[in-house]
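The values are calculated or read from the model by the stated rules, or taken from the named source; none is laboratory data. Since the structure is predicted, the reported quantities are computational estimates derived from the model, not experimental observations. Here Cβ is always computed from backbone atoms with ideal geometry, including for glycine, and neighbour counts include all displayed protein chains. Surface accessibility is based on the protein's heavy atoms, side chains included, excluding ligands, DNA and RNA. Shrake-Rupley method; radii C 1.70, N 1.55, O 1.52, S 1.80 Å.
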Amino acid sequence: RRSGQYTMNHDHSKKLPDGASFDRSGSQDSLDELSMDDYWKELENIHETRGNNPEERVALVVKEPDEGELEEEWLKEAGLSNLFGESSGDSLESVVFLSTLTRTQKAAVEKRVETVTQTMRKKNKQHQIPDVRDIFRVQNDSKGKVCDRSEPSTVGTSENKIETQDGTKGPNFSLGMDEQKSPPEDVPFSDTDINLEIPFAEQAANFKDSSTGRMCKGGGGDTLLPNFRLPKDKTGTTKIGDLAPKDMKKVYSLALIELTALYDVLGTEFKQQKAVKIKTKDSGLFGIPLSVLLEQDQKKVPGTKIPLIFQKLIAQIEEATLETEGLLRIPGVATRVKSLCQELEAKFYEGTFNWENVKQHDAASLLKLFIRELPQPLLTVEYLKAFQDVRSLPTKKQQLQALNLLVLLLPEANRDTLKFLLEFLQRVIDHRDKNKMTLKNVAMVMAPNLFTFHGFGSKAIEQSEFVMAAGTANVMRFMIQYQKLLWTIPKFIVNQVRKQNSESQKKEKKDKAMKKLLKKMAYDREKHEKQEKTTNDADVPQGVIRVQAPHLSKVSMAIQLTEELKAGDIVARFLSQKSGNVQALKKEEVFLYEIGGNIGERCLDDDTYMKDLYQLNPNAEWVIKSKQS
């Protein structure tokens, strides 16, 4: 009867499944049985909708990986596949990458390499099998003493607590220009401040070591979600979308390693799931992979990042009014929703569908149906379980840090669509006085749509349905409440990207110099460098940066750096010019970019202090442009 689906009888809100006990601490906010009512009702509605046509549904098979397979996949995802197998060897890129890792990140990599090499030895694969200790030794030989092998690489020993609290000991890792800042005990970070400068796993290791284990523990009522905030960063906050794709690739690898290191330190298992490929529809609206849907939408609206049907359904709901009582909770009429769905499939792209016939609750049901019908979950097969497991981390701050890293790991299409959804849900909650949909209500109703997935680990889920329900509802609340924080790239990751870029450039320069020497052109090179130096020095005096806007104006500006000068001031000064097509531009259309030096490209927020950033990246060029150009 279940037909591979995860089902739930509404009775469970009154009585737990046999043998299951509801661990209130595990559910974080001790959501009582009554408050879970919306969750079970939503599941009932979902199963009613599915009940009509179970044979149409293809259950997604999640493959159980063989021993070592998971770790091998992890190393590939982290961009470290050349540490094993046929391609084994020390590529320049991997050596540079490994040299920027923190102590806890290195421990996470070593652990996975150890498992893969043991598995390979068992299978007696004819590949070069590196000793895990040699992997990090390469850097030590090439750039002095980076990581003392006599110091155990296990995390959180009391002897090295102070040295590693800022993440600088271990690998020769700096948090920016001011390498040895005072240790974090002296930094005035409060319990609700999210520290993005110190790697999360390092914070967790030090937190475990310290005797004061009080940081925002789970517990407390619905209204007691901490008011987490990001302290201002003088070098600017980096949001997803601010960096160039090449640097985002590095961010992905670092986020994966950091998340794994965090879970390792906290003793929680982090496992990526793997879906067996299934045949999916390659056109239409519902049940289409996001990437395919966007591809067909971009032919109609170039550059669109959110599926058009998804945008239209949300617009349709908002058009009526967000003050409707029970919005998202009260389902549309199932038969009507089904026929609307078929009609949309036939007429949406032709533009002949009559939206006036769509009632608001039906549009809300169609929106949720769209999310559930995706062939792979919006939170992806790989990371859905990791999103669910966030609820088991010890503190709310660590749960938020894990969610931040998980959002960085989502494919762009999934991440953009999720953001669009969360922003809409927040707007619904903003009208809670009228629509009676609080953060808790909205999370309860939306969690089953995002977290229960056809054919996905159903046995394990059925054993602890109540705890699972409360836990995912809490993760949903976190995602809505803290969405602005979750779309921030932590500063320590941006700094690691800068360090990788700097190290790569140094090595490239050395290689180039060697080639030039071999061609006996050393003298010319020196002469050229001298000339370049003098012209540059004459061109831009000390403490002055040149800001250009090649797409917008022929005029470049020389800007004197002061302690208080911010990126927003430079943009405002540029816009005050009356030349070229500058006059027609609006403030929100253009941004100052940091380009080159130790970063590919980074869009600066208005509150970035330019002198501090210039010290962090003195070789950058500064360009004003719109996000499109």
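Can you pull the one-decimal nm distance between simple spin-label points at residue 508 and residue 607, each 7 Å off the Cα toward Cβ?
If labels sit at residue 508 and residue 607, their model points lie 3.4 nm apart.
Taking R0 as 30 Å, what FRET efficiency do you get between residue 573 and residue 244 from their Cβ-Cβ distance, rounded to the nearest 0.05?
In this case the efficiency is close to 0.75.
Given 506/627; 312/368; 305/338, which pairs have Cα atoms separated by over 20 Å?
Where the Cα-Cα span goes over 20 Å, the pairs concerned are 506/627; 305/338.
So, R0 is 41 Å and r is the distance between the beta-carbons of residue 427 and residue 558; what FRET efficiency does that work out to, to 0.05?
It comes to 0.40.
Peptides 613-626, 312-325: what's the order by average Cβ count within 10 Å, highest mean first?
Details: 613-626: 18.5, 312-325: 16.5.
Peptide ranking by packing, descending: 613-626, 312-325.
Roughly what would the spin-label model give for residue 352 and residue 542, points 7 Å off Cα along C-beta, in nm?
Distance between the two pseudo-spin positions: 7.5 nm.
Could you please state how large a percent of the accessible area of region 542-628 is carbon and sulfur, counting protein chains only and using a 1.4 Å probe?
The C+S portion of the solvent-accessible surface of region 542-628 is 49 percent.
Can you compute the FRET efficiency between residue 278 and residue 339 using 1/(1 + (r/R0)^6), with r the Cβ-Cβ distance and R0 = 30 Å? Round to the nearest 0.05.
E between residue 278 and residue 339, to the nearest 0.05, is 0.65.
Just how large is the dipole of region 307-434 about the Cα centre, in debye to the nearest 20, putting +1 at every Lys and Arg Cβ and -1 at every Asp and Glu Cβ?
Computed about the Cα centre, the dipole is about 520 debye.
Modelled label-to-label distance, residue 359 and residue 371, 7 Å Cα→beta-carbon offset: nm?
Computed distance between label sites residue 359 and residue 371 equals 2.2 nm.
Pairs to check: 123/271; 246/491; 239/281; 249/507; 208/234. Give those whose C-alpha atoms are more than 24 Å from each other in this structure.
239/281; 208/234
Size of the dipole of region 542-628 about the Cα centre, Lys and Arg at +1 and Asp and Glu at -1 on the beta carbon, nothing else charged, in debye to 20?
Values: 11 positive and 12 negative charges, 93 e Å.
Taking the Cα centre of region 542-628 as origin, the dipole is about 440 debye.
Tell me the relative contact order for region 542-628 as a rounded percent, counting alpha carbon contacts under 8 Å between residues six or more apart.
35 percent
Using per-residue counts of other Cβ atoms within 10 Å, averaged over each peptide, order 476-484, 73-81, 554-562 from highest down. Don't skip to the end; give the middle numbers.
Values: 476-484: 21.3, 73-81: 18.9, 554-562: 13.4.
Order by mean packing, descending: 476-484, 73-81, 554-562.
Hey, could you get me the Stokes-Einstein D for region 542-628, Kirkwood radius over alpha-carbon pairs, 4 °C and 1.567 mPa s, rounded to whole µm² s⁻¹?
Roughly 100 µm²/s, to the nearest whole number.
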